[in-house]
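The values are calculated or read from the model by the stated rules, or taken from the named source; none is laboratory data. Just so it is clear, the model here is predicted, and its values are computed rather than measured. Counting neighbours? That spans all protein chains shown, and the Cβs are built from the backbone with ideal geometry, glycine included.
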Amino acid sequence: DTAVSQTPKYLVTQMGNDKSIKCEQNLGHDTMYWYKQDSKKFLKIMFSYNNKELIINETVPNRFSPKSPDKAHLNLHINSLELGDSAVYFCASSHTSGRLPGANVLTFGAGSRLTVL
Amino acid sequence: AQKVTQAQTEISVVEKEDVTLDCVYETRDTTYYLFWYKQPPSGELVFLIRRNSFDEQNEISGRYSWNFQKSTSSFNFTITASQVVDSAVYFCALSEARGGQAGTALIFGKGTTLSVSS
């Protein structure tokens with residue numbers, strides 16, 4: 001069983017289109033994240049949800065909209081795609097309780113490579 | 001503000017050499033976590049270690065060892081007798097420890113690409 005699964009793994013689309021990436025975790029974690037990894041491999045936090053509540057919303061264009069229907073799912077919708085949105089998007093999850101052994105250890109999905117033409 | 005610096009962009013070694021990956025961090029928090037993740041060519045992100053700011057003991061796991069020094073704000077990673085399979089991008093990361101409160105995302109360094117040749 002995959003702990004954090006993202007779909008699709010690859011996404012090629014035209015500028016201006018709208019696309020979504022889905023993420024699901026079966027670890028029972030209470031917090032989920034979206035990270036963006038650019039062409040230089042730099043990983044940057046975009047959003048974080050704790051029990052379906054938005055906790056972190058970094059400086060991201062409002063074309064990006066996360067949605068968490070329940071604490072096991074965090075989807076990312078992107079409107080009006082631009083060339084600069086091309087990247088690998090990683091979903092992750094973790095416990096946030098500081099006293100649990102695995103607290104704050106992020107488990108990542110395999111990544112979704114988005115290419116905007 | 002939190003920041004993680006990995007000054008070494010790329011390192012190339014020959015198999016069986018020892019290699020140390022440097023990580024320097026900045027934070028105003030007194031309680032925090034430090035991490036290392038590995039990203040092999042296949043692209044997934046693999047957790048290697050988490051260290052609590054209160055625990056400065058060095059840790060060894062097989063050929064991997066970590067040296068945490070609060071005095072220099074460093075958390076360096078050494079691979080002993082490197083192997084070709086160690087070739088990957090290695091990321092150091094930092095997060096606050098808020099005692100159970102949410103909102104503690106990892107802040108990553110820019111990564112060090114390690115190439116081990118045979």
key: Total residues in segment A:24-44, condition under 11 Å from A:Phe90 (Cα atoms) and buried (at least 19 other Cβ atoms within 10 Å of the Cβ)   = 7
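Please determine whether any residue of segment A:77-98 is over 23 Å from B:Glu44 (Cα atoms), hydroxyl-bearing (Ser, Thr, Tyr) and more than 8 Å from every other protein chain (Cβ to nearest Cβ).
Within segment A:77-98, one or more residues are over 23 Å from B:Glu44 (Cα atoms), hydroxyl-bearing (Ser, Thr, Tyr) and more than 8 Å from every other protein chain (Cβ to nearest Cβ).
For (1) within 13 Å of chain B (Cβ to nearest Cβ); (2) surrounded by fewer than 20 Cβ atoms within 10 Å (Cβ to Cβ); (3) free of Cβ contacts under 8 Å to residues at least 40 places away in the same chain; (4) within 15 Å of the chain's Cα centre (by Cα), each residue gets a yes or a no:
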residue: A:Ser48; (1), (2), (3), (4): yes, no, yes, yes
residue: A:Glu53; (1), (2), (3), (4): yes, yes, yes, yes
residue: A:Glu58; (1), (2), (3), (4): yes, yes, yes, yes
residue: A:Phe64; (1), (2), (3), (4): no, yes, yes, yes
residue: A:Pro69; (1), (2), (3), (4): no, yes, yes, yes
residue: A:Ala72; (1), (2), (3), (4): no, yes, no, yes
residue: A:Leu106; (1), (2), (3), (4): yes, no, no, yes
residue: A:Ser112; (1), (2), (3), (4): yes, no, no, yes
residue: A:Thr115; (1), (2), (3), (4): no, yes, no, no
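How many of the residues in segment A:64-97 are charged (D, E, K, R) and at pLDDT below 95?
Quick first cut of segment A:64-97, residues charged (D, E, K, R) only: A:67, A:70-71, A:82, A:85.
Filter once more, so that each one left must be at pLDDT below 95: A:67, A:70-71.
Total satisfying the criteria: 3.
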query = If you scan segment B:67-84, which residues turn out to be within 14 Å of B:Leu114 (Cβ to Cβ) and either free of Cβ contacts under 8 Å to residues at least 12 places away in the same chain or surrounded by 16 or more Cβ atoms within 10 Å (Cβ to Cβ) (or both)?
reply = B:Asn76, B:Phe77, B:Thr78, B:Ile79, B:Ser82
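When segment A:74-93 is examined, which residues are found to be part of a strand (DSSP E or B) and without any contact (Cβ under 8 Å) to a residue 60 or more places away in the chain? Spell out how you get there, then give the answer.
To start, the set of residues in segment A:74-93 that are part of a strand (DSSP E or B) comprises A:74-78, A:87-93.
Correct list: A:Leu74, A:Asn75, A:Leu76, A:His77, A:Ala87, A:Val88.
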request  = At least 1 residues that are within 14 Å of chain A (Cβ to nearest Cβ) in each: list the strands (runs of 3 or more DSSP E) lying fully within segment B:44-118 that qualify.
outcome  = B:46-52, B:88-96, B:112-117
